[in-house]
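Everything below concerns the one structure shown next.
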Amino acid sequence: MPEVSGRKRRKVAGVAIAPGETREIYLEVSQSYTGNPVRIPVHVEAGKKSGPTVLVTAAIHGDELNGMGIIHEILFRGPLGVRRGTVVLVPVVNVFGFETQDRYMPDRRDLNRMFPGRENGSLAARVAYEFFEQVVRSADWLVDLHTGASGRTNFPNVRARLRDPGVKQLADAFGAELVVDSDGPDGSLRREAARAGVPAIILEAGEPGKIEPTVTEVGVRGVMNVLRTLGMVDGAPVSPRFQVRVRKSTWVRAQVGGILRFHVSPGEPVDEGQPIATNVSLFAREQNVLVSPAAGLVLGMTTLPTVKPGEPVCHVAIPSTLPKTLREILAGKRAGGLAGRVRQDFARAVSVTEREEVLPPAASEED
């Protein structure tokens, strides 16, 4: 990755950080109904030598706790031992949503659609503005940690705009098994940071409201890989056993309301036409079978067995790797290790059954 020359004293959240200094800063971004300040906690650790600033953020959606768990694990291990440059860790960005375990801000806006924010805008726009101006603009690289939305889980994947050279370098350094090539929505932190000259990626992993052990391992490994690749901390990066890149994906959606019997789990390869789930009535009678529209990999899926028509059931990634090759990778020795344990854990997040060829006959109807 390219060298980024740091200054002797770099400001983060308005505070000048001296070489070798570790600070805990509380950035005031708003006020409560009582007029008390609302602050975002920011942990800063600077090396004695100048170098890049790496920013790691979590819980932009207040109920997405896996990212906070990743940052906590990094902090639990003690000082990072930063030799050069500065590491900035923000375990909770959306402190409003975090307090109420809500994805959104109190004004019901999605904070991750409000960047770079507006100084005199809505509540969410003002919080986004303060954080972007005071923290994001001080960084040279950004890793943003997310989970699936409520009622969904995501197999760990990095999302990055790979045609941006800096973003691609950051994604390569993180070292995830699954990389999704996408620009990101307007107003998202990673897209607006990149527009401002700060290459950014996100990790999407797991489900909200939880700190999942294998997701934590994936996140810690990735963040440390970035710091090691930049020469900011000691040690060699840990390469994934395999890597699959994805440029296209599609959602399989429910056709009718009912109860789902899942036939696949997150991280599993699927063939075109393979059954994803059977939709049954409350009386366990088959209504229809949802199938994969293409060969690919289960990127994410609902964890809720109940659906209405049009609701998302399964997110299928369509890799550039040939499906046969992908199956060979996932069935072989290279699919073991951490990625294999993640798949095992995620398989337990949903109840997966074999596709039944014959279901019980319909009961006779009565008036």
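Structure data summary
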{"item": "Among the candidates G219, G187, residue that is in the same structural domain as L111 (by TED's automatic domain parsing) and on the phi > 0 side of the Ramachandran plot", "result": "G187"}
{"item": "Of residues in segment 133-162 being assigned to a loop (DSSP other than H, G, I, E, B) and charged (D, E, K, R), the one surrounded by the most Cβ atoms within 10 Å (Cβ to Cβ)", "result": "D140"}
{"item": "Strands (runs of 3 or more DSSP E) enclosed by segment 213-327 - at least 1 residues per element that are under 21 Å from D181 (Cα atoms)", "result": "244-253, 296-302, 312-319"}
{"item": "Which listed residue is surrounded by fewer than 22 Cβ atoms within 10 Å (Cβ to Cβ), closer than 19 Å to R190 by Cα and of a type in the set (K, R), from R39, R109, R83", "result": "R109"}
{"item": "Any hit, segment 290-304, residues being in contact with a Leu (Cβ under 6 Å, 6 or more places away or on another chain) and of a type outside the set (F, W, Y)", "result": "no"}
{"item": "Every pair of residues 6+ apart whose Cβ atoms lie under 7 Å, when the first sits in segment 100-127 and is outside the structural domain of L189 (by TED's automatic domain parsing) while the second is at pLDDT below 95", "result": "none"}
{"item": "Exclusive hit being in the same structural domain as S138 (by TED's automatic domain parsing) and either touching a residue at least 60 places away in the same chain (Cβ under 8 Å) or closer than 17 Å to E133 by Cβ (or both), set L65, L89, L75", "result": "L65"}
{"item": "Residues that are within 21 Å of V135 (Cβ to Cβ) and part of a helix (DSSP H, G or I), drawn from segment 93-109", "result": "V95, F96, G97, F98, E99"}
{"item": "Yes/no for P185 being touching a Gly at 6+ places or on another chain (Cβ under 8 Å) and not in a helix (DSSP H, G or I)", "result": "no"}
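Condition check ((1) touching a Pro at 6+ places or on another chain (Cβ under 7 Å); (2) surrounded by 20 or more Cβ atoms within 10 Å (Cβ to Cβ); (3) not assigned by TED's automatic domain parsing to the domain that holds T302) across all residues:
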| residue | (1), (2), (3) |
| --- | --- |
| D164 | yes, no, yes |
| A171 | no, yes, yes |
| G175 | yes, yes, yes |
| V180 | no, yes, yes |
| V198 | no, yes, yes |
| I202 | no, yes, yes |
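The values are calculated or read from the model by the stated rules, or taken from the named source; none is laboratory data. Model, not experiment: these values are computed from the prediction. Neighbour counts run over all protein chains shown; Cβ positions are idealised from the backbone, glycine included.
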